[in-house]
Amino acid sequence: MESRDQLQEERIARFWKRYVGALRLRQVPENAVPWYRKHVQAFIDFAPDIRLVNRRPETLEQWFAHTSREPRLTGWKHRQRVDALRLLYCLLVKSEWASGFDWAGWAEWKPASGRFQNAIDHNYWRPGGEKTSTRCSMHTPQTPRVTATQH
């Protein structure tokens, strides 16, 4: 019989396997996958007693606001964080609120001002100049694949 800790470890391993599989399905470059995982783990650690499925958009907003104050945070890194959480909530957790969440608004961070600025549409520019949808239904045939910049 497996111990409770072993079962928990197996459940966590399955979660990460599903998340990484979703990233690969969405063509997130291999060199960005560990960073996406790191962003999701930081969000999990932000409120460890609340399961992901039970978290509300307000928790996500608090985390984005909290992490945006990091002194060496760049705009592309912040957009990568937003993308990591968007893919988590839209593809794995599938929270009802995720499709209506203002992913684009949170992705439009202006490093010089340290403030967020709402986007006019639901797209933002990724490093390398490719435009990527910030809706849950990204990567339709009209949507370019996600690109990433190394840390």
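Here the gap between Arg11 and Glu30, fully extended at 0.36 nm per residue and compared with their Cα-Cα distance, gives a gain of 4.5 nm.
Residue-wise HN-Hα couplings along region 65-72, as the Karplus relation 6.51 cos²θ - 1.76 cosθ + 1.60 with θ = phi - 60° gives them from phi, are 5, 5, 6, 5, 8, 5, x, 9 Hz; Gly and Pro carry x. Listed by chain and number, the aspartates and glutamates whose C-alpha is less than 19 Å from the C-alpha of Lys77, apart from same-chain residues fewer than 8 away, are Glu30, Asp45, Glu61, Asp102, Glu108, Glu130. The Cβ shell under 13 Å around Lys17 holds other residues with a net charge of +3, Lys and Arg each +1, Asp and Glu each -1. Summarising the label geometry, the points placed 7 Å from Cα in the beta-carbon direction at Ala22 and Trp97 lie 1.6 nm from one another. Backbone phi angles across region 89-95, fed through the Karplus curve with coefficients 6.51, -1.76 and 1.60 (θ = phi - 60°), yield HN-Hα couplings of 6, 7, 9, 9, 6, 6, 5 Hz in residue order; Gly and Pro are listed as x.
Every number in this text was worked out from the coordinates using simple rules, so none of it is lab data. Since this is a predicted model, take the numbers as computed values, not measurements. Using ideal geometry, Cβ is built from the backbone for each residue, glycine included, and neighbour counts are taken over all protein chains shown.
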